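Visitor: My questions will all concern the structure given below.
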Amino acid sequence: MHDQRDPIESIARELRRPVQVSVSLDDRIMGEVRQLPHYGRLKLWLRLTTPRTITITPLRVGLAAAALAMFAILGAAHVGNDIWRVATPIATAMFPSIKKPAPNQRVQFVLVAPDAKKVSVVGDFNGWDVAHAGYQAQHRGGGVWSVTAPVPVGHHRYSFVVDDSVWVADPTAPRVIDNDYGMPNSAIVVSEQQK
Amino acid sequence: MEGSSDAVIVARVLRGDVEGFRILVERYHDRYARYAFHMLGNREDAEEALQDAFTRAYRSLGRCEDPERFGAWLFRILVNRCRTLGARRGRRAQTFVVDETAILEAAEEHPADRNAWREEIDRALQQLRTEQREAFLLKYVDDMGYDEMSQLTGVGVSALKMRVMRACERLRELLSEVQSA
């Protein structure tokens, strides 16, 4: 019925025949692939998250100082005289002993994302809703995006979402890992305002 | 784009054309399904390994050093996935179950006793040690040379030759009675 001599060639010939897989396999693979961040957007993600060596020179220090000054001016112009509205969430988290925002205080979220076309803030305080109208950051120039939005008193997790697809943790805030989705999240503590 | 080289398609995917990845899936799933099926012994595990290998390849596409040889790179990922799945399967109480559908499909247009022969081959193959089965399939079914197998598996050529030899001996032993029936 088959090769009566050495069976190895007969076995190999049999095993070389095509194996049928489910017709839906390609669609299942592509469905999973589409859920992953697209590469055009991954470049931004990689730029934001890849560690780089920075050489400190007097010129760079000067430029950095100027950028910080501009950032402070932009923030102050946006929120008026209340310096707490300029403070990023990390300030609240790192310095709980100093004057804190009022309950349900509005908090300013700031992200530097020069290549972004859209930046949203998602967190447990807005149901992780990337389309929530009150948490869409505005481009303030120079790649600086910010939004001032209400956050209830308490501990919260949040993240920025760039171009509706790439999650970016706040680089200035403590990092937490969301066990449900494995996305990088940041921590914020909003306390009641001290009298 | 269907006729483009792997490198061209990989470049397009890396520029954000995620749908271009489907061409790579269609290009390689048949050949690699065969390997996964023979390594793991059933269609369900084979498809899991394939799906896993393709999605891992997509995630790591930027690290594919030679996109022109995407297929070989993907195959290396698949071989590793099959090892992992095979090890996991080995930890479960496993009874070898012949994939009847695959056998029926494979039996079309062939003599009536082909089913039994094919079933015996599948059964014998699954009785080989994993590393012997892997070496045998790469050598005799995927028609690789020992140097290529060594690069793919990270195992030395001498060890691979020994594995293939042992696999052949065992297959001859297991199938000799069936063959002479």
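Visitor: Just checking, does segment B:107-123 include any residue being of a type in the set (G, A, S), surrounded by 15 or more Cβ atoms within 10 Å (Cβ to Cβ) and at pLDDT 75 or above?
Guide: Within segment B:107-123, the first condition is being of a type in the set (G, A, S), and the residues that meet it are B:107, B:112, B:116.
Add one more test, that the residue is surrounded by 15 or more Cβ atoms within 10 Å (Cβ to Cβ), and what stays is B:107.
Filter once more, so that each one left must be at pLDDT 75 or above: none.
No: zero hits.
Visitor: Report the residue count in segment A:113-144 for those that are aliphatic (A, V, I, L, M) and surrounded by 21 or more Cβ atoms within 10 Å (Cβ to Cβ).
Guide: Within segment A:113-144, residues that are aliphatic (A, V, I, L, M) and surrounded by 21 or more Cβ atoms within 10 Å (Cβ to Cβ) number 6.
Visitor: Let me ask another. Identify, please: which residue in segment A:5-20 is more than 7 Å from every other protein chain (Cβ to nearest Cβ) and not in a helix (DSSP H, G or I) and is, among those, modelled with the lowest pLDDT?
Guide: A:R5
Visitor: I'd like to check something: does segment B:82-91 contain any residue that is within 13 Å of chain A (Cβ to nearest Cβ) and either assigned to a helix (DSSP H, G or I) or modelled with pLDDT of 95 or more (or both)?
Guide: No, that holds for no residue.
Visitor: On to the next question. Could you grab me the full set of residues in segment B:124-151 that are out of contact with any helix residue (DSSP H, G or I) (no Cβ under 7 Å at 6 or more places or on another chain) and in contact (Cβ under 8 Å) with a residue 40 or more places away in the chain?
Guide: B:Q126 - this is the single residue of segment B:124-151 that is out of contact with any helix residue (DSSP H, G or I) (no Cβ under 7 Å at 6 or more places or on another chain) and in contact (Cβ under 8 Å) with a residue 40 or more places away in the chain.
Visitor: Additional query: Can you name the residue in segment B:1-57 that is assigned to a loop (DSSP other than H, G, I, E, B), of a type in the set (D, E, K, R) and more than 8 Å from chain A (Cβ to nearest Cβ) and, of all such residues, is nearest to the chain's Cα centre (by Cα)?
Guide: B:E2
Visitor: Go over the candidates A:V23, A:V61, A:V110 one by one and state the one that is modelled with pLDDT of 65 or more and within 14 Å of chain B (Cβ to nearest Cβ).
Guide: Of A:V23, A:V61, A:V110, the one residue that is modelled with pLDDT of 65 or more and within 14 Å of chain B (Cβ to nearest Cβ) is A:V23.
Visitor: Residues of segment B:113-146 being facing another protein chain (nearest Cβ under 9 Å) and of a type in the set (A, V, I, L, M), which ones?
Guide: Selection gives B:A116, B:I121, B:A124, B:L125, B:L137, B:V141.
The values are calculated or read from the model by the stated rules, or taken from the named source; none is laboratory data. Since this is a predicted model, take the numbers as computed values, not measurements. Quick reminder, even Gly has a Cβ in these numbers, built from the backbone with ideal geometry, and neighbours come from all protein chains shown.
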